[in-house]
Amino acid sequence: MAVLMEHWAWTLFAIVMVVVIHDVLQKKHAIMHNFPVVGHFRYWLETIGPEMRQYWVANDKEERPFNRDERAWVYASSKGQNNTFGFGTTEEIYSIGYPIIKHAAFPFPDSRATYPGEDPTAIPCTKVMGEWHNRQSPYRPGSVINISAMSYGSLGKRAVAALNKGAWKANCFHNTGEGGISPYHEHGADLMWQLGTGYYGARDANGKFSFGVAAQRVKEHPEVRCIEIKLSQGAKPGKGGILPAAKITREISEIRGIPMGQACYSPNAHSEFDTVDELIDFIETLATETGLPVGIKSAIGALPFWHELAQRMKERRQGPDFISIDGAEGGTGAAPLTFSDHVALPFKVGFARVYRIFQQLGISQNIVWSGSAKLGFPDRTLIAFAMGCDIVQIAREAMLSIGCIQAQKCHTGHCPAGVATQNWWLESGVDVDDKAERVSRYIKTLRKELISLAHAAGYEHPCQVTGDDIEVSTGVNQFSTLTEVLGYRCDDVCITKMGDLTAV
């Protein structure tokens, strides 16, 4: 035994000496040169820093982008656990911008609530996509809460499959992201097919966009209910999508039609149009060829485009059937730090400016408005509805529901939860059926709380809540209605009862 221990001791000593020699001779890292062996711990600790701060340093309200309380609510909701909190609020309720939902003296009775079908959490959209433009196959989303754009490639196949299967169980649609339709999007949920500047899945043999290929793709996938043209996104508006080379597998390469071994950069601008009229022409041709409602997604920056788009839509009576507004708070995709931090307006500012433009021209009620950017919590969703949103799309909160721990390694391919990675070992920890149940429970819980909030405010459907029903702190002991803060009141939602909102 003593001889064996001596052998292992000499072996360990030899390994340490090899590391010491390597560290001293290498010229890339001064820390490792100056502190051989020990210097490696510095880089290891830096690697696991975000996780350690979660558990040892940050308080419950401190972390970004989602604090511990927010993550705990999503986790508990997705697992069917107790998601209530005790001993009063820990929020600074007098802080500038803090919202207060005004409850009615006589709430809407739960006993009078109606639901389409048998799901007591079902909240259909009050509008129909494509109705204004008489599309061949109009679509009423069966849920006001839906899963936002996260491509296969950005997320792993098990994560995409779990999200899709969970969306099917919750009767909401699943946005494919610009990476195209994959086999993992085929677990039953309605799809919103997103076309970015790379046009993945809709390109001809020469790599150019093809209306014929797009139409054939829709025919092959009847679960596609609408098409979203991505002009920009909150994480990196004005810059194309980024898929690091480390995350590109042979399957992703074939689905997107991109080479292996090098990062995939989508162009920063569309090649099929670069004027408002050309955009409208593109939308109309795509809608005619596929029969589906077609909309646009954009983060908000300069406003002249939106003024011109609204004006031309009114004059031509053509254009997008829905408009998805993303805020600078968004961020599932890899992005340069400056783009994440300093490009595009926050959601509440950007949405309000654009919605008001269309409302002043009298056409806002003809468009289905979708919002995204950290809206996956009941209060934020309700505020989005009060601003004029008809539906919302959620991304990172959906990732949290299937196990994301906010390690912030999405862009590296080393997601420890197996969600945003193509590493087979890390992905193997994602059980599709279990995670699908979690997604479904999270969405249904969110809708259930939205219904409760709407009833408390005196309404049956959450989209009936307006800016008059919400007050915002504007100073010390000063509150103003959301309508006063925004400078407009959203269009009225006219329905007799929610149960009448049948599927289209």
- With the dipole of the range 99-500 defined by +1 on each Lys or Arg Cβ and -1 on each Asp or Glu Cβ, the option from His411, Pro141, Gly487 whose Cα lies farthest towards the positive pole is His411
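Assign unit charges at the C-beta atoms only (+1 for Lys and Arg, -1 for Asp and Glu), then state the dipole size of the range 99-500 relative to its Cα centre in Debye, rounded to the nearest 20. Show your work: numbers first, answer last.
Details: 40 positive and 43 negative charges, 113 e Å.
Magnitude of the dipole: close to 540 debye.
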- Message: To test your reading of the geometry: what angle, between 0 and 90 degrees and rounded to tens, separates the Cα axis of helix 68-79 from the longest principal axis of the chain?
- Response: 80
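Counting each pair of different Cα atoms once, what's the Kirkwood radius of the range 386-504 in Å, rounded to one decimal? Don't skip to the end; give the middle numbers.
Values: mean 1/r = 0.0568 Å⁻¹.
Radius from the Kirkwood sum: 17.6 Å.
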- Exposure proxy ranking, count of Cβ atoms within 10 Å, fewest first, for Met150, Met192, Met260: Met260, Met150, Met192
- Message: Nearest 10 degrees is fine. How inclined is helix 211-220 to the longest principal axis of the chain, computing both from alpha carbons?
- Response: 90
- Cα-based equivalent ellipsoid, the range 442-504: semi-axes from gyration tensor eigenvalues, Å: 26, 15, 9
- Cα extents of the chain along the three principal axes, largest first (Å): 87, 63, 43
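Could you list Glu70, Glu220 so that the one with the fewest beta carbons within 10 Å of its beta carbon is first and the one with the most is last?
Listed from fewest to most nearby Cβ atoms, that is Glu220, Glu70.
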- Provide the per-residue ³J(HN,Hα) series for the range 158-167, in order, calculated from phi with Karplus coefficients 6.51, -1.76, 1.60 and θ = phi - 60°, each as a whole number of Hz, with x at glycine and proline positions. 5, 5, 4, 4, 5, 5, 5, 5, x, 5
- Task: Name the residue farthest towards the positive end of the dipole of the range 99-500 from the options Gly201, Gly257, His185, assuming +1 on Cβ of Lys and Arg, -1 on Cβ of Asp and Glu, about the Cα centre.
- Result: Gly257
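Over the chain, calculate the relative contact order: mean separation of alpha carbon pairs under 8 Å at least 6 apart, over the residue count, as a percent. Display every interim value, and only then the final one.
Numbers: 994 pairs, mean separation 104.5, N = 504.
Relative contact order, the chain: 21 percent.
Quick note: the coordinates plus some simple rules give every number you see, no bench work behind them. Predicted model only: the values in this text are computed from it and were never measured. Counting neighbours? That spans all protein chains shown, and the Cβs are built from the backbone with ideal geometry, glycine included.
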